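All remarks here apply to the structure that follows.
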């Protein structure tokens, strides 16, 4: 099964048509397209319409999560509705099953949030705003775990965890260490390892690295466009990639 993925495309009014030619080739090289958040620059409905025109009527199913940029204008529900109207399945603490390549693949997704990684992570202690910061991440991780578990018994040949924020520090190599707590959280990796997945896809870390792995052995791929430097990368489930 061939999974195309990209995140952090940050589309605006001047971006129309930049990715469409590449996306129209997906039928030749992939069975599914995953979008790992930060699809817009500022999360405006107008920018979401640009993204929608890029992905409408593609030859493969499209599944997405939103990123922090897609929340900036505080209208994520409108952004989601515009993408869904274009045929995109947008996940937030939910899962979907897609038929592709003669098999069923389950995708569980959430934006995720920050907090850091083992040994250098924030805790639910102190001021209410600090507690809420960490609880936001915990709620997101819990929803991802539940969504992955919802795929149990659905006869999926493979399961993918799709987030914007990173579940591991591996794929942040290249980013300044002092901002790692704002790029992801180990709680996302714990959720993935607890519920089980064959592949984890994320974005957000523009200066990071592509390859990583959870403590439980799940492959993690950072598909932020500044990292992969192309319209999308293709990963093979059941093989290396």
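Counting only residues that are more than 14 Å from residue 164 (Cβ to Cβ) and surrounded by 21 or more Cβ atoms within 10 Å (Cβ to Cβ), the stretch 193-217 holds 4 of them.
Here's the yes/no breakdown for (1) surrounded by fewer than 20 Cβ atoms within 10 Å (Cβ to Cβ); (2) out of contact with any helix residue (DSSP H, G or I) (no Cβ under 9 Å at 6 or more places or on another chain); (3) over 24 Å from residue 93 (Cβ atoms):
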| position | (1), (2), (3) |
| --- | --- |
| 16 | yes, no, yes |
| 36 | no, yes, no |
| 46 | yes, no, yes |
| 53 | yes, no, yes |
| 72 | yes, yes, no |
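For (1) in contact (Cβ under 8 Å) with a residue 12 or more places away in the chain; (2) closer than 27 Å to residue 101 by Cβ; (3) out of contact with any strand residue (DSSP E or B) (no Cβ under 8 Å at 6 or more places or on another chain), each residue gets a yes or a no:
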| residue | (1), (2), (3) |
| --- | --- |
| 147 | yes, yes, no |
| 153 | no, yes, yes |
| 157 | yes, yes, no |
| 162 | yes, yes, no |
| 166 | yes, no, no |
| 171 | yes, yes, no |
| 185 | yes, no, no |
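Of note, residue 234 satisfies the criterion of being in contact with a strand residue (DSSP E or B) (Cβ under 7 Å, 6 or more places away or on another chain), surrounded by fewer than 23 Cβ atoms within 10 Å (Cβ to Cβ) and assigned to a strand (DSSP E or B).
Output the residues belonging to the stretch 111-169 that are assigned to a helix (DSSP H, G or I) and crowded, with 22+ Cβ neighbours inside 10 Å. The answer is 137, 140, 141, 144, 145, 147, 148. Restricting the stretch 80-100 to residues that are in contact with a strand residue (DSSP E or B) (Cβ under 7 Å, 6 or more places away or on another chain) and more than 18 Å from residue 163 (Cα to Cα), the residue that is surrounded by the most Cβ atoms within 10 Å (Cβ to Cβ) is 100.
Among the strands (runs of 3 or more DSSP E) contained in the stretch 184-227, which hold 1 or more residues that are closer than 19 Å to residue 91 by Cα?
Qualifying strands (runs of 3 or more DSSP E): 199-202, 219-222.
Every read-out reported here was derived from the displayed coordinates using simple, explicitly stated rules and does not represent laboratory data. It should be emphasised that the depicted structure is a prediction, and the values quoted were computed from it without experimental measurement. Positions of Cβ are backbone-derived with ideal geometry, glycine not excepted, and every protein chain shown enters the neighbour counts.
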